[in-house]
Each structure stands twice: as structure tokens, then as C-alpha cells.
Amino acid sequence: MSGKQTFIQSLIQLADDQLILGHRLSEWCGHAPMLEEDLSIPNMALDLIGQARNLYAYAAQLEDKGRDEDKIAYLRTDRQYQNILLVERPNTNFAHTMLRQFYFASFMAPYWQWIAHNSTDEQLAGYASKGVKEVNYHIRHCGEWIVRLGDGTQESATKIQEAVSAIHPYCEELFVNTPDMTDAIKAGILPDRAQMRNEWNKTVIMVFDEALLKIPEVEFPQLGGRDGKHTEEFGFLLAELQYMQRAYPGMSW
């Protein structure tokens with residue numbers, strides 16, 4: 001593939017992460033444990049879906065084949081989505097949701113920061129500038145909850161530590177560059193994802209120390225999302241995500 005084509009694919013991969021995690025967060029709307037979270041969690045979802053829309057639209061513009069952000073987002077099969085497995089993990093409970101969002105935002109903060117200040121692509125840098133502000137709030141909000149749960153009651157501490165054990169094995173995929181991303185990295189458009197590890201570790205350790213949580217050793221990291229190999233739960237997520245477009249093709253508001 002040409003450099004342009006690989007860049008389009010890397011944009012779609014980045015957008016897929018935002019869209020799928022945004023959809024997961026949206027599942028809490030009307031079900032959060034308190035009114036404040038019933039507002040905060042969907043707002044975080046809107047941040048992510050807004051970024052996904054920008055990235056899909058930019059990819060469609062570069063591709064110039066008649067697709068728009070809706071067609072890319074809704075008219076693909078499960079194997080055509082290339083999001084990391086972390087973002088499709090089920091909500092399970094409030095602890096799982098806060099931790100999953102914290103892990104992802106702790107990666108995206110330095111990632112967007114690098115793009116905003118160093119990328120040779122001005123349009124992408126503009127999206128990143130907005131993204132930095134959003135994910136910094138996500139880190140603060142979710143981090144406070146992780147501390148509250150970890151240094152709270154015995155039950156809350158148990159639930160958040162169980163969430164760490166369940167979700168931490170999915171974090172390694174955050175730092176893996178796909179072949180499509182490699183060309184954009186060489187061109188100075190995207191950063192090397194592996195270079196975000198130190199900043200991610202620093203953020204996670206700082207919050208976990210305050211929350212009295214242990215970071216587990218991961219012998220077998222869970223990978224495959226970038227290759228279209230998803231978890232069982234992803235099929236159910238996609239059925240809900242694509243329902244309106246599949247039931248009423250071409251519908252517009």
C-alpha cells in the first residue's frame with residue numbers, strides 16, 4: 001500500500017478505538033450509580049465519539065471513494081474493525097469501567113500531546129489539541145474514583161483489584177504499532193506508541209500507589225484486535241452499535 005493508504009488505515013484504527021470505547025461508556029447512560037456519573041460517563045463517551053467522527057471523516061476525505069464517517073463507522077463487519085481489545089471489554093461493574101477508561105486515557109494523553117506539538121499533519125494536530133484537554137479530564141475523573149475505591153471499604157477495594165487483574169492483560173496492545181502506523185511514524189505524523197509507555201507507567205503507578213493497588217505481572221498479554229480478532233463480547237456490542245443503520249439503511253435525521 002502507498003503511504004497515503006497506510007495513513008488512512010492508521011486513522012481508522014485510531015478512530016475505532018475511540019468509537020468502540022465511546023459506545024461502551026454510553027451503555028451506562030441511565031444506569032450509573034449516581035446522578036453525577038449519569039452525566040459524567042456519557043459526556044466522556046461523547047468526547048470519544050466526537051474524536052472518532054473527526055478521524056473517520058478525515059480518513060474518508062483522504063480516501064475520496066464516496067464513504068463518509070457514518071459508512072466507515074457502521075457498515076463494516078466485525079473482522080474489519082481494528083480497535084484494541086481493551087476498549088471492547090464489557091463494563092462488568094463500575095470499577096471495571098473506571099479502570100478501563102483510566103488505562104486508555106493515560107495512554108492517549110501523551111499520545112495526543114505528541115501529535116498536537118510535533119505532528120507534520122496540521123489537521124490531525126488540531127484534533128489532538130482538543131483530545132488532550134478531554135483525556136486529561138478523563139484521567140482526573142477516573143483516577144479519583146480508583147483511589148476512592150481502592151482506599152475505601154473492603155468490598156470496594158476487592159472489586160477494583162479484581163478489575164485490575166481482569167483488565168491489565170489487555171493493556172499491552174496500547175503500545176503496539178501496526179504496519180500501517182509505521183509509515184506515518186517515519187513521516188513524523190504519528191508518534192511511536194512504544195514511547196508512550198514511560199508516561200503511562202508514571203500515571204498508573206502514581207494513582208495505584210494512592211489507591212493501595214498492586215500492578216499484576218502479565219505473562220500472556222492479550223492481543224489481536226488490530227488484526228480484526230475480537231472477543232466474544234464484541235459481536236453483541238456491534239449488533240447494538242449498528243442496529244439503526246442496518247434496520248434503516250441510509251437513514252438520516
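To keep it simple, each residue is scored yes or no on (1) within 30 Å of P249 (Cα to Cα); (2) open to solvent by less than 30 Å² (accessible area, probe 1.4 Å); (3) assigned to a helix (DSSP H, G or I).
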position	(1), (2), (3)
G66	yes, no, no
A128	no, yes, yes
N136	no, no, yes
G143	no, yes, yes
S165	no, no, yes
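Across the range 187-246, what is the number of residues that are open to solvent by less than 100 Å² (accessible area, probe 1.4 Å) and either hydrophobic (A, V, I, L, M, F, W, C) or without any contact (Cβ under 8 Å) to a residue 24 or more places away in the chain (or both)?
In the first step, residues of the range 187-246 are kept if they are open to solvent by less than 100 Å² (accessible area, probe 1.4 Å); the result is 187-194, 196-197, 199-201, 203-205, 207-208, 211, 213, 215-216, 218, 221-226, 228, 230-231, 233-235, 237-239, 241-242, 244-245.
Filter once more, keeping what is either hydrophobic (A, V, I, L, M, F, W, C) or without any contact (Cβ under 8 Å) to a residue 24 or more places away in the chain (or both): 187, 189-190, 192, 194, 196-197, 200-201, 204-205, 207-208, 211, 213, 215, 218, 223, 234, 237-239, 241, 244.
Looking only at that region, the number is 24.
Suppose the filter is within 27 Å of S40 (Cβ to Cβ), in contact with a Lys or Arg (Cβ under 8 Å, 6 or more places away or on another chain) and surrounded by fewer than 17 Cβ atoms within 10 Å (Cβ to Cβ); does E155 pass it? Against the criterion (within 27 Å of S40 (Cβ to Cβ), in contact with a Lys or Arg (Cβ under 8 Å, 6 or more places away or on another chain) and surrounded by fewer than 17 Cβ atoms within 10 Å (Cβ to Cβ)), E155 does not qualify. Applying the criterion of being among the polar types (S, T, N, Q) and in a helix (DSSP H, G or I) to the residues of the range 1-36, the residue that is most open to solvent (accessible area, probe 1.4 Å) is Q5.
Within the range 52-61, is even one residue open to solvent by less than 40 Å² (accessible area, probe 1.4 Å) and either part of a loop (DSSP other than H, G, I, E, B) or touching a His at 6+ places or on another chain (Cβ under 6 Å) (or both)?
Step one: list which residues in the range 52-61 are open to solvent by less than 40 Å² (accessible area, probe 1.4 Å), which gives 52, 55-60.
Checking the rest, the ones that are also either part of a loop (DSSP other than H, G, I, E, B) or touching a His at 6+ places or on another chain (Cβ under 6 Å) (or both) come to none.
No: zero hits.
For S119, state whether it is open to solvent by less than 80 Å² (accessible area, probe 1.4 Å), among the hydroxyl-bearing types (S, T, Y), within 22 Å of G50 (Cβ to Cβ) and over 17 Å from the mean Cα position of the chain (by Cα). Walk me through it before giving the result.
On the way: open to solvent by less than 80 Å² (accessible area, probe 1.4 Å): yes; among the hydroxyl-bearing types (S, T, Y): yes; within 22 Å of G50 (Cβ to Cβ): yes; over 17 Å from the mean Cα position of the chain (by Cα): yes.
Against the criterion (open to solvent by less than 80 Å² (accessible area, probe 1.4 Å), among the hydroxyl-bearing types (S, T, Y), within 22 Å of G50 (Cβ to Cβ) and over 17 Å from the mean Cα position of the chain (by Cα)), S119 qualifies.
Taken over the range 147-201, residues that are out of contact with any Pro (no Cβ under 6 Å at 6 or more places or on another chain) and either closer than 29 Å to Q123 by Cα or among the polar types (S, T, N, Q) (or both) amount to 33.
Checking each residue in the range 70-106 for being within 18 Å of M244 (Cα to Cα) and out of contact with any Leu (no Cβ under 8 Å at 6 or more places or on another chain) picks out D70, K71, I72, L75, R76, T77.
The values are calculated or read from the model by the stated rules, or taken from the named source; none is laboratory data. For clarity, every value in this text was computed on a predicted model and none was experimentally measured. With ideal geometry, Cβ positions are generated from the backbone for all residues, glycine too; neighbour counts draw on all protein chains shown. These area figures cover heavy atoms from the full protein model, side chains too; ligands, DNA and RNA do not enter into them. Shrake-Rupley method; radii C 1.70, N 1.55, O 1.52, S 1.80 Å.
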